[in-house]
Structures are given as C-alpha cells and as structure tokens.
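Single-structure report; data block below.
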C-alpha cells in the first residue's frame, strides 16, 4: 500500500556496528533478530549488550519466521504530519513477531480499512530504485 | 530539613575504564555499557541496584539508551550536563539528597575514530538553532577564519604572553611533564617516552602561538564512575574515596573559550569563583591539596589554573612551571600524574579516575601519602571541580 | 505478558530511606514569569527567556543579582551563559540541564530543589523558551528546515517507514490504549472539552475566547488516527521562567511560597523517545508509574490527598493514561474518569489542567503547567480550586518523565 | 598579510543556516553599507557586545545601533598555520581589535605582515567584498 513519490528520497536506516547484521540481512531479503545464546532470548531493537545477562559476546543473528500479527498502527492521512516521500494515506504498523518481539514497518497490499489490530501478517521485501531494500508486511492466512 | 553542606556526603566507590585507543572498533553505545559494567563489578554493586545516571551532554548515548543495553529498569535520577565534569555535582546532590542510591557518572567519546561512525548514508539535516548568542558569536568569528578551539585559545594566549611575559620555553614544561607522566601510564597511548624542550620548540605552531603539543589529542574511550553515600560505601568492595566538596562556577560575560569582551581576558574568573566555593564547602585551602588534577585540554590553561585555584600568586605561574620540578611527582604540587589529557587524550573524566587511584594508592605514578586531590574542569568556560580525600 | 507488566520491578526496599529524602520541604517556588503566548512572537527565544526571567524575578521580589543557579532544558536553544550576559547576573554556583523534551519540565525542579537542599545555591531559575509555532518546530522532518533531534539509533530504525513525527509516535500507543479499553472518540473528546472550559476562564490562554464542544471535537480534522485536531496541543511561541528558592529565603519574599514536598524522576527500561513499542504492554506509561510511586513514597501523600493536578497533555489520551499511572484510578478506568468531564473539571473530584494546559492554553513544554500549579497554591488561578493544599504537576510522557507535588 | 581564499571553497557565512540571527542582523546590514554598527543600551549607554536582547547593567530592553568610528588597536591575534577551514589559505591571521569606543571584535588584517603585528598597533577599518553575497569589515594600518 505504500506508494513512493518520485524524486523524494526516503530516509535510510542509521547503520552502525551494533545493528549492521540486521540491515545486512535485510539487503539479502532476510529478517534476522538479535538472539542471546545464553538466555535463549530474542532482543529487539539490536543493542550492544544483552539486557538480561549483561554479556557482550553471547549474541548472534537468528533468522525470524517473518510471521506475526499487527499489534498497533498509525494511519498517516494529513500531509502536515507525514513524510513527503509517501503517497497518502499510508500506514505505519507495529508487528508482533512469533519470536515475541515487535518491529516498526509498513504494510504491503493491505487496504486502509483492512489495517486492524490482530491482523495476521508476514514479511516481504522490496528493492527500491535508489538501491536500498526495505521490509514491509503483507496479509497471511492465520 | 535541608542539609547545610554537601561536605563528605558522597563517595566514589568504583571506576570502570575501557582501554583508550585511536580506533576502538566499537560503537559508543557498546563501550558505554562496557564501562558501566566494569565500574559496577569493581565497586561490588549489582547493576540492578544502579538507580541514577548522569553524563555530559555531548559524550555518549543518553541514560535511557545506555540503560536499555544494561537492562536497568526504574532509574530514579538522570541528568545530562553541558559543561566539563559538572555532571558530577548532580550525582553528588542526588545521592546526598536521597534521590537515588547508586549513581553512575559515565563518559563515552570516540573522538579519534569519529563518533558519527555511521556506515550508511543516513539522510539527516543539520539541527536548526534559534537565536542564541552562542551561535551569533560564531557568526562573528567564522567569516574571519577564527574557527576551532586551538584558535580561540590562541587569541587569549597571545594576550596572556603579552601581559605576563610567559615564554614558550616556560609553557613547554606543561607538555614535557605530561609526557613524562604519560610514559609511566600504560593507558596513556600518546607517549612512550618523555619529550624534551627542543621537541616542544619544534612542535608545529598550528594556531600560532598554540603548538600541536599544547593540545590534547583526540582519543576513543569510555569511563564510568560509581557514586554513593559513605555509609553505603562501607559494605562495598573498594576503599571509598570521599568527595569532600564539589562546586561549579560562572562569571559575567562568559563564553566558552572566547570571553573576549571582558575587561581582562587572561584570567579564569569562573575558576576563581568555583575555587572559593570549593574551599568554603570543604573547609580546605590550596595548601591542603596533595595532588592537582587540572584541565590541560590546552596547555596555557595549566598556569592560569595554578593561579586561579590559589596554588601560586598572580603572575607567579610561569616561574612555577618552569623546569617542571614543582609540578612533577615528588614536587611541591604534582599536577596530573597520569599524564593528563595531553598525555592520554581529550577525556575529562580521566582526571576523576586518577584522583581515585591516587587516593587508593594504585596509580601508575603514585604520589606518596596522597590524602587529598583537587580536580578542576572547564577552564575557559563555566568551571567545575571537586576535592576528594581519603576516608 | 500482561502480568509481567503489572509486576514491574519497583522495589521500595532498595530505595534510599524516606527520611534521607532531603528535598522535602527544603525549597519552594517563589516566582513565576512568562511572556504572552502567541502564534508568532516576532522575537528571538533568547529575548523571550530574558523577559520571562525578569518577570519572574519581579514577581518574587528578588534582585537579579540574587540569582545563583540555572536549570535549562537540553532541548532549549538558549543557554544560561548568554542569558546571564544579557540579564547581568554576575555569578552562578549551579547550572544543570535536563533531557527528553517535555519530560524535563519537572526534572528542572528536581535538579533545582536538590541543589538547594544540598546548599550549593539559593535562588535557581528554571526556564523554557520556544518559537514553536512560528519558528522551528522540532517535530518537522528532514528536508524541511528542522528535524526532530532524536538519538540516532532509534531514529534510524523507524524513520525509513515514514514514522517521523511525535503525533504519529504517540498515536501508535494511544490507539493500542483505546483498543484495549474500548474507548471511543466521544470519550476522549471530554478531555479536550474540559481543558477548553478552563482555558475559557484564562485570558492568557491562546483559546481564551473559543469554546469547544464534544461534537466539534469528534468532527474535527483527523491529524493522525486516532488523534484529531483538538486532541493535539496548541503550537506556541513564548517563554516561562520559574524561580526555586530555599524554604528559608522563600519566607522573606513577596509571594506566598509554593513549597516543594516532593520532586521525582522516573525512567523505565526499554524506553525510547515516544516509541517504546518493544515492552510487553505499550498501552501504559511505566515511567509515569515509577515517578508516581516514588513521589507518593517520599512525600507520604496518597493520590486522594491531591486537590488539583496539572497533567502533561501534549495529546489528550495522555490524561486518562496518567490518571491510571499516578494512581487516581484503576488501570483501564482512566477513560471512565474523564467521561462527561464532571470529575476532572473545576468543582470535580480532581480538577485537572485548570489553566487550559497544553491543549488550550499554550504548549511550553510543561513549564506553563508548573506556573499554574503555583497559582493554585497562591490562590490566584483563574479557575481557582478552593483551599488547594496539594498541587500536582507531571512532566512529558512516552519518555523519561518527572513530577512535583507542591503544598501550601 | 591579508587573508587569501581558495576560490572554489565557500567562505563561512554569518547566516549559517540561511538566515541571519535577529540580534546580529543590524551588524551585518551595516557592513553592507560599509559601517561598523554597535549595539548600545538606550537608557544607560552600556555597549552590548556581542549583541543581546537586554542590557546586563540596567536591564533595559531598549537599545540602539550606532556606527563606530572604525578605528582601534590590535588587542590580540592568532596566526593559523594549519587551516581549520578549507576556504582559508594558510598562513593567515585572525585579530581581536579593540575599537576606540571600547568593544572588541574579531576580524582580519589587510596588508600587515605577521612580523609587523603587535599588540597595541593602531588600525582602521576597511571593507572587503570576499564573495558575491559577503562583505567583511577588516583592518589596515592607520594612515
């Protein structure tokens, strides 16, 4: 459902050593999550220390199933508060993944009135003309 | 109900230092978490019990993000201060005032490899500043090429040379003694041996009269300091270092490094005001101080601080530093036995760490029987400082 | 997951002892000053701050030379050094700054009160000045003149999805709140309507002469679902200054002191700048809960002791959420508390936001709320609560927050 | 010596973000008309330098802008041997001039060798168009 307006770049993620693995995977059309092998726990957003066991060397990137449910959403309808690169309206959604963490993302081929809390969704990737890859979520069978 | 004074109401119980480097290869977020973990372990404080965090605005991720890495919930006190090590003052108020139990003061800065080490070309506009004099001032300086701190300091130092007659052969002893001290300190990566006065005189005049060796080099590092009350300190692992007094100072017409509109631009009135308060609160005087940790981000500030803090009379500082004997370990007033910022790189909290080590007796360049250390920061701008002592 | 949220780790046993809390009653707010509130001030933020400080000093009956400390918002573009150069304040012994936008409002008082309790200063100015309506909205996005100044890690992971403004960030958890507790737009409208009723009594309020009905609220333009026009605060140009002095000094000054019984900050794990979406439950404000728990603990007061409250209301859903988090009602009952408006308007069980607050008076990052709380203690509010003994103010939400409790 | 610029680099402009700050606009407007304008308190005559919205002496907010004579003395200077900005060719000097009226301003010198420069040297203002949209007040030897 997100349509880009030509000529306006969309903002790029800020990538540093703490989250590089995450965005590198996105480039390869994979959704990975930070995982602490000591606590057997997924962590998101990526960070330099496991907040539970406080080790800095037990974390690895583990691929996510990419499946989740829509936990909350924001519908951008007014140009005053929206980013100009997207055609209005567009939805920003918070997806709760099966792994138990949530991520902020956009929707793909979901009509505005279908965007509802509880909707089952799964990840898809899109390569944009400017060379970056973004992940979005589309409907799936529950 | 208020307390009359913060004298002896707080103590430093742990320090965590991530090894300095010119390219640390980690994010600031990473090393901030690392330093706090080290400090908590050294102190014997459970990370879950940390309930206060303070830092300088410019250095490192803020408490919420750092706490997110550390998994610290329920932080009862957090504060970000702008100038020097003035965040220390808030930490002391917070533990002395019963706002929190264990406050961490952390500084994380990767100035050598660049704090903005962003791998992607993240699109970001520059922050828009409103009409503050701070910016107006740069409007007045930048078109003329007066850009950067060495230049700002050089303008003042030229005048200082003119008014006091200090010669490069005298000021040179500040970096010389710093290099001697740094050569003994394994965490000071910039000198493995002492320089000579000839080396100094040949050092490049980057903003004449400021030489390259007058400036603290950029460095990557991360330091955390745990502060609590002296009572709580008793149950912990380390011998506590009591904060006898802490103060900050400001004076009229102040601008960071560029207070050119004052009648006299060659003294440090902020530092003088701070020192008065520091000695008043602590009930001490310059004579009680065994080691001085002075702000040597730029060398000319060292003689100026010696005068402002009362370690020598007005106009006596050039002679005081000449030859270095009085400011070396074993001298009348050892200054920055760890090599200071000139020796270790630009990192303000190193002064607090060395103060703690001197009092514990664990410095790489230990001054015998150190029981009181003065720490000063913010030379050339709003100043702050503390006196710490042995229990 | 819900249980984990309710079992938050607030543990009174590991906090400093109550009697060690030295801020209690050791400082008071003695002066308040403000510029006019407008949509276009026509002057710089620095100038407005100077005017507000001067007004506050006059209000307190102080001399400018007696000011010896400053606490600023980290987000404020004017710094204390330059304010002093303009006002001719010769010497400061204390300066500090507080982060997190509106979350800093009561934090400034926390810092000032702690410094005064510690004896390092006697008269401290806390201030905020912003040309938010005419100038640089910090909510604007890159490409336009200004950007949101957010920590970059968090910034970088949500902006690529066009999620770029505070109303949007708040809408994400607000819609979850409304969803979980079946609240309607009409329910929410009562919050805005009551604030407007109070603003209609306050000549300094931007919406002084503009009444508002529930009908208008629910029919208003949608800004970002579920937030409509009147659910959002009013962009304002202006400045407010608050002077905190030691209790001893306060007795000798012109105004009736508003004693600071308690001033606390709170910060919960997994926090971000209004996008703390990764917690088990996002339909609450754990920072506010922590702040409240600590406030009640150190002051010994309980919510029902409070006579009047100024809740930070950048967006209307934040008021019912805070009523829950600060313990004025049970979880999920905040909307019931507001419905119909009777319990929160003047004369009700807990009169809230009696100046019209951010939704209808002016949006000065919480500092105008502190001024109103002080007026309630002095007895000079335009919507005065009779015999107001205890007056509560809270700081910005969705971020590390703060709160103060003032007494007569 | 005079400052030499690298032609392909943009000299820092006082309107750093595209607009001048309100408090310094009269100064830069004056420079365009080849005058050095200074802000003075209307009620007590105190120089407000750098410009500010209130007089620190009497706290009046009424101020006026007056043209300086343009003469003064070198108060201090810096020689940059390492350029902090790509527009400036090294070496060059930045000077702090104490105007005869009292206020000090940062500037550059024109036609004065660095070995001639000394504290107390009398100088007078001269205006240099350094870019299409930028004129700067600089100082040369008197006479």
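Since every read-out is calculated from the coordinates, none of them should be taken as a lab result. The model shown is predicted, which means the values in this text are computed figures rather than measured ones. FYI the Cβ positions are ideal-geometry reconstructions off the backbone, even for glycines, and counts take in every protein chain you see.
Summary table below
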quantity	calculated
Beta bridges by DSSP in the protein assembly as shown, antiparallel share as percent, to the nearest 5	80
FRET efficiency estimate (nearest 0.05) - Cβ-Cβ, residue A:114 to residue A:6, R0 41 angstrom	0.95
Mean ellipticity per residue at 222 nm, deg cm²/dmol - from DSSP H runs of n ≥ 4 across the protein assembly as shown, formula -39500 (n - 2.57)	-7000 deg cm²/dmol
Shape category assigned to chain C from the gyration tensor of Cα positions, a/c cut at 1.5	rounded
Choice from D:128, D:98, D:116 with maximal GNM fluctuation in chain D (Cα, 10 Å cutoff)	D:116
DSSP-defined antiparallel bridges as percent of all bridges, segment A:47-142, nearest 5	90
For chain A, the spread of Cα positions along each principal axis, largest first, Å	44, 34, 26
Over the protein assembly as shown: Kirkwood hydrodynamic radius from C-alpha pairwise inverse distances, Å	30.1
Alpha-carbon centroids, segment A:32-63 and segment B:354-391: separation in whole Å	39
Peptide-level mean, for B:276-283, of C-beta atoms on other protein chains within 10 Å	1
Residue of C:396, C:31, C:332 that the Gaussian network model of chain C assigns the largest fluctuation, springs spanning Cα pairs under 10 Å	C:332
Scaled radius of gyration (Cα, divided by 2.2 N^0.38 Å) that segment C:238-301 gives	1.59
Ranked C:232, C:98, A:36, C:106, criterion: other C-beta atoms within 10 Å, fewest first	A:36, C:232, C:98, C:106
At 0.692 mPa s and 37 °C, Stokes D of segment C:310-363 from Kirkwood alpha-carbon radius, µm² per second	295
P(r) weight above 24 Å for chain D, C-alpha pairs, percent	35
Debye intensity ratio in log₁₀ form over the Cα atoms of segment B:281-338, taken at each q of 0.16 Å⁻¹	-0.45
Kirkwood hydrodynamic radius of segment C:286-408, Cα pairs, Å	14.0
Beta bridges by DSSP in chain C, antiparallel share as percent, to the nearest 5	70
Segment C:64-90 and segment C:300-365: distance between their alpha carbon centers, rounded to Å	32
Likely footprinting exposure, C:285, C:392, fewest C-beta neighbours within 10 Å first	C:285, C:392
Using a Förster distance of 51 Å, the FRET efficiency for residue C:38-residue C:302 (Cβ separation, nearest 0.05)	0.80
R0 of 60 Å, Cβ-Cβ distance residue C:342-residue A:27: FRET efficiency to nearest 0.05	0.60
Prolate/oblate/rounded label for chain B (Cα gyration tensor, a/c 1.5)	rounded
Relative frequency of Cα-Cα separations exceeding 16 Å in segment D:1-78, percent	64
Footprinting exposure proxy for D:127, B:144 (fewest neighbouring C-beta atoms within 10 Å first)	D:127, B:144
For chain B: relative contact order, % (alpha-carbon pairs under 8 angstrom, 6 or more apart)	24
Choice from D:81, D:49, D:108 with maximal GNM fluctuation in chain D (Cα, 10 Å cutoff)	D:81
Projected label distance in nm at residue D:132 and residue D:71, using a 7 Å step from Cα toward the beta-carbon	3.8
log10 of Debye I(q)/I(0), alpha-carbon scatterers only, for segment A:14-63 at 0.13, 0.33 Å⁻¹	-0.26, -1.32
Gyration tensor verdict on segment A:65-142 (Cα atoms; rounded if a/c is under 1.5, prolate if a/b is larger than b/c, oblate otherwise)	oblate
Virtual spin-label span in nm between residue A:58 and residue C:221, 7 Å along Cα→Cβ	5.3
Virtual spin-label span in nm between residue D:43 and residue A:42, 7 Å along Cα→Cβ	6.6
